[in-house]
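The values are calculated or read from the model by the stated rules, or taken from the named source; none is laboratory data. Not measured: the values here are computed from a predicted model. So basically every Cβ, Gly included, is an ideal-geometry build from the backbone, and we count neighbours across all protein chains shown.
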């Protein structure tokens with residue numbers, strides 16, 4: 001995918017700050033330190049569009065990025081990570097409310113991309129989140145990150161294990177690596193199909 005432009009549109013701490021430009025949106029969510037920022041940077045071929053950190057819980061705001069990919073203009077949305085993070089319980093609760101308000105009431109949202117570290121099993125957090133999205137009619141896609149951390153044979157086995165854990169899904173899992181760029185074109189194809197379906 002040829003990226004013609006990639007810029008931070010706005011970072012929001014509350015719903016009232018969400019942009020009103022009407023661009024179709026694709027949201028990225030997942031456990032803290034799953035590699036959301038790294039994947040976003042790799043997808044748009046920029047090193048520091050989304051800031052990365054080895055500290056879980058670094059992303060505390062919702063970041064909207066305006067992207068021009070080929071002839072398509074859209075927003076990629078980086079949501080705060082959930083799960084363990086070096087922040088207070090009160091802060092984590094406020095993040096959860098912010099994420100939920102975005103997912104449940106955001107009209108331009110076209111696709112929710114759930115990221116899953118290939119080395120971790122799906123937890124109740126992920127399964128409940130996918131059920132929650134499905135109940136609200138929000139299209140979703142599971143993208144497996146950090147595939148380069150495993151050797152090819154082990155990688156294939158883990159993907160089969162994750163598929164079995166998840167059960168039937170409308171779209172197959174997409175294995176990716178921000179380092180080797182594996183699977184990035186598949187992610188873009190899924191994004192393009194979700195935008196096409198919503199027209």
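For the stretch 123-135, name all the residues that are farther than 20 Å from residue 196 by Cα and either surrounded by fewer than 17 Cβ atoms within 10 Å (Cβ to Cβ) or modelled with pLDDT of 95 or more (or both).
Selection gives 123, 124, 125, 127, 128, 131, 132, 135.
Quick check on residue 155: is it in contact with a helix residue (DSSP H, G or I) (Cβ under 7 Å, 6 or more places away or on another chain), buried (at least 17 other Cβ atoms within 10 Å of the Cβ) and touching a residue at least 12 places away in the same chain (Cβ under 8 Å)?
So residue 155 passes the test.
Can you list residue pairs whose Cβ atoms sit under 6 Å apart, with the first residue in the stretch 86-115 being surrounded by 12 or more Cβ atoms within 10 Å (Cβ to Cβ) and the second being in a helix (DSSP H, G or I) and at pLDDT 80 or above? Count only pairs 6 or more apart in sequence or on different chains.
Here the result reads 101/15; 110/194; 110/195; 111/194; 112/133; 115/36, each pair linking the stretch 86-115 to a residue that is in a helix (DSSP H, G or I) and at pLDDT 80 or above.
As an exercise: evaluate residue 42 against (1) crowded, with 22+ Cβ neighbours inside 10 Å; (2) modelled with pLDDT under 85 and give the number of the one condition it does not meet.
For residue 42, the exception is condition (2).
Can you tell me which condition residue 173 does not meet? The list is (1) in contact with a strand residue (DSSP E or B) (Cβ under 7 Å, 6 or more places away or on another chain); (2) at pLDDT below 95; (3) farther than 28 Å from residue 19 by Cβ, and all the others hold.
Among (1) in contact with a strand residue (DSSP E or B) (Cβ under 7 Å, 6 or more places away or on another chain); (2) at pLDDT below 95; (3) farther than 28 Å from residue 19 by Cβ, the lone unmet condition for residue 173 is (2).
Only one residue in 192, 175 is within 17 Å of residue 114 (Cα to Cα), surrounded by fewer than 19 Cβ atoms within 10 Å (Cβ to Cβ) and in contact (Cβ under 8 Å) with a residue 12 or more places away in the chain. Which one?
192
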